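Okay, so here's the structure we're looking at.
Nothing in this text is a laboratory measurement; each read-out follows from the coordinates by a stated rule. These numbers come from a predicted model, not from an experiment. Neighbour counts run over all protein chains shown; Cβ positions are idealised from the backbone, glycine included.
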Ligand code: NAP
């Protein structure tokens with residue numbers, strides 16, 4: 001129970017990686033608030049969390065400033081001021097640039113990058129100290145054809161992580177995790193083309209990771225193991241990026 005007494009806020013935790021992180025933080029003793037933009041699966045996650053810890057689910061779109069402020073108001077009222085923020089909420093759009101509508105580009109940036117900015121700003125306004133972990137992507141480092149908005153947003157997340165780690169030191173430590181391909185709805189055949197999925201397999205480990213692989217790194221960074229780590233981007237990626 002390495003996170004006993006901590007309060008965590010995880011964005012976009014109604015499924016996938018966010019859900020796994022929320023459950024892992026709860027297993028380590030943290031109280032957990034999570035947000036979701038309006039999905040039925042949130043109820044199921046809240047039940048799973050409540051079996052482990054004090055928890056609350058908050059309906060909020062991370063790209064909306066007023067909703068982010070409202071989310072923090074609710075989290076603080078229900079559980080207390082968060083000292084861990086996991087900026088996980090994200091969306092993906094695939095397609096060649098010539099077919100990418102401006103609205104689609106803007107929406108990806110709004111959720112993946114603006115959302116992380118809004119949530120981090122609200123965290124800093126309220127917390128004296130703590131940890132921020134941004135879920136980036138290996139594509140933010142590698143780039144990928146037909147993923148211009150997504151890769152750009154994740155590159156921005158990595159740059160934001162480095163900037164905030166400098167600005168908020170020494171009280172708030174800020175790091176990113178850049179997952180490779182993880183088995184979630186985002187990487188299902190409904191969401192990604194066979195060409196993209198084949199590229200995802202072209203790594204030394206040649207398989208998808210699991211959401212729990214990302215959660216384990218998040219728990220490490222939130223605990224004492226992360227005490228001297230800030231401004232880093234950790235590849236949990238089966239070898240897709242080597243630095
Ligand atoms: P996922 O299964 O599609 O889950 C995304 C989560 O984000 C859902 O809970 C979704 O809520 C929530 N969400 C979407 N838009 C939101 C918004 N505007 N406000 C608040 N929450 C919102 O995706 P995932 O694979 O778990 O991805 C989680 C994060 O990891 C994302 O940032 C993604 O870019 C990153 N990542 C994933 C992979 C991968 O291979 N899966 C690789 C690298 C990085 P609803 O359920 O209501 O839609």
Relative contact order of the stretch 1-145 (C-alpha contacts under 8 Å, at least 6 apart) in percent is 24
Taking Cα atoms only, helix 65-78 is inclined relative to the longest principal axis of the chain by an angle, in degrees rounded to 10, of 40
Output needed: percent of Cα pairs per 5 Å distance bin for the stretch 112-243, bins running from 0 to the one holding the longest distance.
2, 10, 19, 23, 20, 13, 8, 4, 1, 0
Order these peptides, 111-120, 162-171, by their mean beta-carbon neighbour count within 10 angstrom, highest first.
111-120, 162-171
Cα-based helix-to-principal-axis angle, 148-168 vs the chain, degrees rounded to 10:
40
Output the relative contact order of the stretch 100-243, whole-number percent, from Cα pairs under 8 angstrom with separation of 6+ residues.
26
On a 0 to 90° scale, report how tilted helix 211-222 is relative to the longest principal axis of the chain, with both axes built from alpha carbons and the result rounded to the nearest 10.
50
Using alpha carbon centers only, the stretch 191-220 is separated from the stretch 1-74 by a whole-angstrom value of 23
Quick shape summary for the stretch 142-209, equivalent ellipsoid via Cα gyration tensor, semi-axes whole Å in descending order, reads 29, 13, 10
So what are the radius of gyration and Dmax for the Cα set of the chain, in Å?
16.7, 50
